[in-house]
Every structure is written in C-alpha cells, then in structure tokens.
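A.B. asks: Pasting a structure below so you can have a look.
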Amino acid sequence: MSDKNKANSGNFEPRIVAFFCNWCTYTAADLAGTARMTYAPNARVVRVMCSGRLDPQFILMALREGADGVLIGGCHPGDCHYQEGNYKTLRRFTLLKRLLQDMGIENERVRMEWIAASEGDRVQKVMNEMTEQLKKLGPLHLEPVPIDTVHKKVEESVAQAEGVKI
Amino acid sequence: MSKPKVGFYWCAACGGCEEAVVDLNEDILKVVAAVDILFWPVALDFKREDVEKLNDRELAVCFINGAIRSSEQFEMVELLRKKSGLLIAFGSCSHLGGIPGLANLFNREAILANSYKEVFSVENPQGIYPQQSCQVPEGTVTLPALWNTVKALDQVIDVDYYLPGCPPPVELIKDAVAAILGGKLPAKGTVLAPDKALCEVCPRKESKPEKPQLREFKRPHELVIDTEKCLLAQGLLCLGSATRSGCGSACVNGNMPCTGCMGPTSRVLDYGAKALSAIASLVGSNDEKEIAAILGKIADPTGTFYRYSLPASLLHRTYNSGQGGN
Ligand code: SF4
Ligand code: SF4
Ligand code: SF4
C-alpha cells in the first residue's frame with residue numbers, strides 16, 4: 001500500500017530523520033532510553049558530532065529520500081561543545097526555513113530544537129509532538145524520479161494539457 | 001579525410017548561448033573549417049527531417065543549450081541523442097536548468113494564467129489559452145505541450161559533457177572544441193571547466209576577510225561599490241565561494257557580485273543549499289532575532305541561491321500545489 005493510501009486510511013506512520021548532536025541531544029535521547037521513557041518510534045536518529053556539522057544538503061537529501069520530516073537537535077545557545085557550532089546551525093536554519101517555505105514544504109516538517117543532555121523528557125515531548133503533527137500533515141512525496149518514468153510523465157503531461165480549455 | 005559532423009540545438013533558451021558561439025569571432029572560421037555543421041536551426045536552414053535522415057551517431061558531436069520544458073524539446077533531444085556520438089550540455093540552462101528553471105516555483109496552470117490572462121498588458125476576456133490542437137478549415141494544427149516541470153538536459157537524456165556558464169565563456173568553448181577535435185577529452189560526465197571555487201582565483205581575494213561577520217546585506221544599487229575590495233565584505237551577496245571558476249571572474253571584474261552561473265564544483269550535490277549555507281554561516285550575530293533581521297534583507301532566497309539551478313536541485317520544484325512531482 002502506498003503512503004498516500006495509508007494516510008487516507010488513518011494508519012500513516014511518518015518517517016522522521018533526526019540529526020542529534022553527540023554532546024547534548026543525543027545524550028538526552030540516551031537518557032530518555034535508560035529512564036524508560038516511551039515516545040513515538042518514528043525517528044531514525046543520526047548522531048553527528050555537532051549540529052553545526054549538519055550541511056543543509058543533508059536535510060534536503062533526507063526529504064528527497066523519503067523522510068516526511070527532519071528534526072535537528074543541538075545544544076542550547078552558549079553550550080556548544082565547539083563553542084560556535086550551534087550558532088551556525090541557527091543562522092543556516094533561519095535562511096533554509098524561508099527557502100523550504102518557498103518550495104511548499106510546510107514549516108512543521110523541519111524542526112530545530114535545543115535539547116541539553118539532561119533533558120530526556122524534552123526528547124520525549126518533541127518526538128511525540130512532531131510525530132502527531134506529521135500525521136496530520138500526511139506524507140511528503142518527494143521520491144526521486146527515475147529517468148525511465150519520464151516518458152510516462154510526458155504522456156500524462158500531454159494528456160493534461162489537452163484538457164486546458166480554449 | 002571527411003570532417004567531423006556537428007550539430008547545435010536550442011531548447012528553452014534566451015539566445016545568449018548561440019550568441020556566445022558567434023562571440024568566437026574570427027575563431028568561428030577555424031571551427032567552420034574544421035567541422036561540417038549539419039544542424040543549427042538558428043543560423044542555417046536545416047529541418048528535423050534532415051536530422052531524422054542521418055545514421056545513428058553520425059553527428060560526431062552535438063551541443064545543446066536551453067532547458068527542457070516542452071514535448072517538442074524532449075523529442076528533439078532524444079532524436080539528437082540517437083544521432084550523436086558525443087552530446088554536450090551547453091550553458092547553465094542545459095547544465096542545471098538555468099533561469100527558465102525558476103518556472104518550477106509555479107505550476108503550468110499558474111504560468112499559463114499569468115502569461116495569457118493576468119499580465120496587465122494582456123486583453124483576453126475569454127481566457128483563451130494556447131491549445132495543443134485546434135481545428136481550422138485547412139485541418140488540424142498542433143502545438144507542443146508545455147511541461148509542468150522544467151528539467152536539466154541530463155534529467156531527460158544521457159549527457160557526455162557539460163559546458164557551464166550563462167552563457168559559457170568563450171575561452172572554455174574554444175578549449176572544449178580543441179579537446180574534442182584533438183580527441184583529448186576527460187572522463188565522461190565531466191564539467192569542462194576548472195574545479196576550483198571562484199573566490200580562489202578572484203582578483204579581490206586578498207581583501208576577503210577571514211571571517212566576514214556580515215551585519216547587513218545590500219543590493220548593488222544601494223551603495224557606491226568599491227572597485228577593488230571584496231564584494232562580500234561590502235555587504236553584497238557575492239556567491240564566489242560556492243561557485244566554480246572558469247569565467248575569468250567576469251562579473252566581479254565588472255564590479256558586480258557573482259550570482260553563480262557556473263554552478264557548483266564537483267563535490268557539491270545541491271548548489272543552492274551549499275551557497276545558502278556558506279552565506280548564512282557568515283552572519284555576524286548570535287542572537288536569534290538579529291540573525292532573522294539580517295537575513296531578512298535577502299529578499300528572495302530561493303531565486304537568489306537557485307537562480308541557475310532549481311531543476312537540478314534536490315527538491316527540483318515546489319510542491320505546494322498538490323500536483324508537484326513531474
Ligand atoms: S545559459 Fe544563459 S545565455 Fe544560455 S540560454 Fe540559458 S539564459 Fe541564455
Ligand atoms: S566573495 Fe566575491 S569578491 Fe570576494 S573574493 Fe569571493 S568572488 Fe571575489
Ligand atoms: S562571476 Fe559568477 S555569475 Fe559572473 S560569470 Fe562568473 S560564475 Fe557567472
């Protein structure tokens with residue numbers, strides 16, 4: 001069953017790619033785990049050394065390859081293990097958000113959160129919240145288009161344009 | 001010995017790429033002497049049938065400029081692919097989707113409505129759009145279909161090499177022609193230009209600060225531009241750090257910031273994301289509100305960072321119309 005049908009039947013489980021910084025948010029996720037806090041299992045967590053390592057290309061790539069949302073977790077401002085990394089994340093994210101809006105990708109699909117190593121409960125809350133929001137939004141269809149489907153799309157495109165009225 | 005046969009074709013293009021070929025000036029005579037031009041609709045009267053009659057791969061090389069956004073362009077490049085040994089994407093439209101690729105911020109219906117109805121100089125009360133076919137007393141006349149999504153050349157056919165630039169710099173065209181005629185081509189898929197960033201070869205690079213700490217973005221008409229100092233340091237959005245060199249720093253030498261027409265170097269997947277990342281990182285503030293205010297001065301981030309490459313970006317087009325995709 002395609003994602004779309006799943007969404008229609010109310011069983012859609014969003015896929016979230018979560019990029020967590022090694023020093024704060026990843027540790028917080030670990031803490032949530034050892035404290036046996038339960039939260040939505042929809043995120044695939046990728047540990048990066050610093051949220052500043054997060055090239056905006058990674059975010060677009062995750063969406064392109066089938067993620068319905070991307071979560072970025074870093075240390076609170078002032079707490080970055082590398083001093084400046086999370087400020088870079090903040091600057092890039094501020095601009096990237098406007099670009100994503102232009103591209104029609106809803107704000108809720110890409111979210112940035114500062115979560116300290118001790119804030120396991122915050123990981124739980126954010127994961128649950130985001131999963132709920134994405135369930136409401138439904139799947140994001142950005143699958144790569146293989147070259148050999150182009151022919152088919154052209155035919156569809158021709159058919160569609162024929163309907164354009166005089 | 002018979003001369004190699006060559007073709008030129010344009011798709012969704014502005015004519016600047018054809019102009020760049022003419023800009024070879026007297027060198028074009030050398031090119032004409034060395035090859036047989038069998039197809040070049042903008043300059044010589046050949047028709048599609050002439051191409052259809054060629055044997056497969058009979059054209060040694062075919063240069064194609066412009067993006068692909070209609071059924072006719074797609075059919076022609078498919079045909080030319082079959083008839084050509086080497087196929088070269090010529091110019092940023094063909095390489096990355098180019099300026100026409102910004103149409104991917106809208107859908108076909110919005111574009112047709114704008115061009116044929118909403119523009120204030122158009123008087124079209126019945127909302128008549130171009131049709132694909134129409135009955136007239138003499139029979140049926142037809143037009144190609146406009147696609148919903150503009151594509152770069154390699155998104156529809158196999159491409160051997162790329163000549164980047166808007167249009168490609170004459171020196172690079174000459175080098176490419178020489179390499180082809182001399183049989184000295186690099187690996188398939190190569191972009192035929194240096195693989196260094198523009199900042200590295202920019203005449204203003206000495207004055208580029210180590211950490212620019214940008215506090216304000218200005219547009220070129222908002223200041224008197226210093227002719228020697230790094231343009232980015234003056235607050236202009238110069239994209240030289242994310243852009244491939246090979247243009248001879250054309251814009252920077254003309255006292256204008258680089259807008260990125262040569263596209264990215266080979267290590268980059270998505271030009272816009274990389275350029276955006278480079279610029280945003282340099283903002284000289286750590287305060288959320290202030291950062292938003294400084295970056296807010298960039299009026300159109302998508303049009304700025306994807307000016308030449310939206311179709312070749314990871315997202316390809318907008319998705320808000322409920323009919324994204326192709
Ligand atoms: S690459 Fe530039 S010069 Fe060439 S067709 Fe496109 S817009 Fe025109
Ligand atoms: S930012 Fe622009 S002006 Fe400054 S060094 Fe780079 S290319 Fe040259
Ligand atoms: S300076 Fe930039 S925009 Fe101008 S020709 Fe060179 S690459 Fe293109």
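The values are calculated or read from the model by the stated rules, or taken from the named source; none is laboratory data. None of these values were measured; they are calculated from a predicted model. Cβ sites come from the backbone with ideal geometry, for glycine too, and all protein chains shown count toward neighbours. All accessible areas refer to the heavy atoms of the entire protein, side chains included, with ligands and DNA or RNA removed. Shrake-Rupley method; radii C 1.70, N 1.55, O 1.52, S 1.80 Å.
A.B. asks: Stretch B:A34-B:Q131 to full length: gain in nm at 0.36 nm per residue minus the Cα-Cα span? If you can, show how the numbers build up before the last one.
C.D. replies: On the way: separation 97, 0.36 × 97 = 34.92 nm, distance 4.33 nm.
Separation in residues times 0.36 nm, less the Cα-Cα distance, equals 30.6 nm.
A.B. asks: Related question: What order do you get for A:34-47, B:278-291 when each peptide is scored by the mean count of other beta carbon atoms within 10 Å, highest first?
C.D. replies: Details: A:34-47: 14.0, B:278-291: 17.4.
Answer by packing, highest mean first, reads B:278-291, A:34-47.
A.B. asks: Can you pull the one-decimal nm distance between simple spin-label points at B:A179 and A:K125, each 7 Å off the Cα toward Cβ?
C.D. replies: Taking the simple label geometry, B:A179 and A:K125 are separated by 5.7 nm.
A.B. asks: To continue, here is another question. Relative to the longest principal axis of chain B, what angle (0 to 90°, nearest 10) does the C-alpha long axis of helix B:71-83 take?
C.D. replies: Value to nearest ten degrees: 70.
A.B. asks: Here's a follow-up. Quick one: work out the % antiparallel among DSSP beta bridges in the protein assembly as shown, nearest 5.
C.D. replies: On the way: 8 of 44 bridges.
So the antiparallel bridges in the protein assembly as shown amount to around 20 percent.
A.B. asks: Averaged over every viewing direction, what's the projected area of the C-alpha convex hull for the range B:153-252? Give it in nm², one decimal, please.
C.D. replies: Values: hull surface 33.9 nm².
That works out to 8.5 nm².
A.B. asks: Under the 0.36 nm per residue contour assumption, what length would be gained going from the current alpha-carbon distance of B:T190 and B:F120 to full extension? Mind dumping the intermediate values first?
C.D. replies: Values: separation 70, 0.36 × 70 = 25.20 nm, distance 4.45 nm.
Working it through step by step, the gained length comes to 20.7 nm.
A.B. asks: Another question, then. All other residues with a Cβ under 11 Å from the Cβ of B:T265 taken together, and with Lys, Arg as +1 and Asp, Glu as -1, what is their net charge?
C.D. replies: With Lys, Arg at +1 and Asp, Glu at -1, the net is +2.
A.B. asks: Still on this structure, I have one more. Would you mind checking B:K151/B:K211; B:K82/B:K174; A:K125/B:K297; B:K83/B:K151; B:K30/B:K151; B:K3/B:K47 for any pair whose Cα atoms are more than 31 angstrom apart?
C.D. replies: In this structure, B:K151/B:K211; A:K125/B:K297; B:K30/B:K151 lie more than 31 Å apart at Cα.
A.B. asks: Compactness ratio of the protein assembly as shown: Cα Rg over 2.2 N^0.38 Å, N = residue count? Spell out each step's value before the answer.
C.D. replies: Numbers: Rg = 25.1 Å, N = 492, 2.2 N^0.38 = 23.2 Å.
Expressed relative to 2.2 N^0.38 Å, the Cα Rg reads 1.08.
A.B. asks: Hey, another quick one. Give the accessible surface of the range B:1-116 per residue, rounded to a whole number of Å², with probe radius 1.4 Å and ligands, DNA and RNA excluded. If you can, show how the numbers build up before the last one.
C.D. replies: Values: 5150 Å² over 116 residues.
Ligands and nucleic acids excluded, the figure is 44 Å² per residue.
A.B. asks: For the range B:174-326, what is the accessible area per residue in Å² when the probe is 1.4 Å? Mind showing how you got there, number by number?
C.D. replies: Numbers: 6920 Å² over 153 residues.
For the range B:174-326, the solvent-accessible area averages 45 Å² per residue.
A.B. asks: Continuing with the same structure: Shielding by partners for B:272-279, please: the mean number of other protein chain Cβ atoms within 10 Å of each residue's Cβ. Numbers along the way, then the final one.
C.D. replies: Details: counts 5, 10, 3, 1, 7, 9, 1, 3.
Partner Cβ neighbours, averaged per residue: 5.
A.B. asks: Could you compute Rg(Cα) / (2.2 N^0.38 Å) for the range B:38-105, with N its residue count? Walk me through the numbers before you get to the answer.
C.D. replies: Working: Rg = 12.6 Å, N = 68, 2.2 N^0.38 = 10.9 Å.
Rounded to two decimals, the normalised Rg is 1.15.
A.B. asks: Hey, another quick one. Per residue of B:252-262, what is the mean number of Cβ atoms on other protein chains within 10 angstrom of that residue's Cβ? Show your work: numbers first, answer last.
C.D. replies: Numbers: counts 0, 0, 0, 0, 0, 0, 0, 0, 0, 0, 0.
That average works out to 0.
A.B. asks: Here's a follow-up. Output needed: percent of Cα pairs per 10 Å distance bin for chain B, bins running from 0 to the one holding the longest distance.
C.D. replies: So the P(r) values, bin by bin, are 5, 23, 29, 24, 14, 4, 1, 0.
A.B. asks: So, with a 1.4 angstrom probe, what is the percent of accessible area on the protein assembly as shown that is carbon and sulfur?
C.D. replies: Values: 12270 of 23180 Å².
C and S fraction of accessible area: 53 percent.
A.B. asks: Cα axis of helix B:271-281 to longest principal axis of chain B: angle in degrees, 0 to 90, nearest 10?
C.D. replies: 10
A.B. asks: Please sort by residue number the chymotrypsin sites (Phe, Trp or Tyr not before Pro) in the range B:145-248 whose DSSP state is loop and whose Cβ has at most 14 other Cβ atoms within 10 Å.
C.D. replies: Numbers: sites: B:W147, B:Y161, B:Y162, B:F217; in loops: B:F217.
Those that pass, being in a loop and sparsely packed, number zero.
A.B. asks: A further question on this structure: Under a crude label model (7 Å from the Cα following the beta-carbon direction), how far is A:E84 from B:A299 in nanometres?
C.D. replies: 3.1
A.B. asks: Could the peptides B:52-64, B:134-146, B:203-215 be put in order, highest first, of the mean number of other beta-carbon atoms found within 10 Å of their residues?
C.D. replies: Values: B:52-64: 17.5, B:134-146: 11.4, B:203-215: 13.5.
Final packing ranking: B:52-64, B:203-215, B:134-146.
A.B. asks: As an exercise, use a Förster radius of 60 Å and the Cβ-Cβ distance of A:S118 and B:M256 to find the FRET efficiency, rounded to the nearest 0.05. Please list the in-between numbers first.
C.D. replies: Values: r = 51 Å, r/R0 = 0.85.
Working from the Cβ atoms, E equals 0.75.
A.B. asks: Once each part is reduced to its C-alpha centroid, what is the distance from the range A:60-100 to the range B:1-78 in angstrom?
C.D. replies: 45
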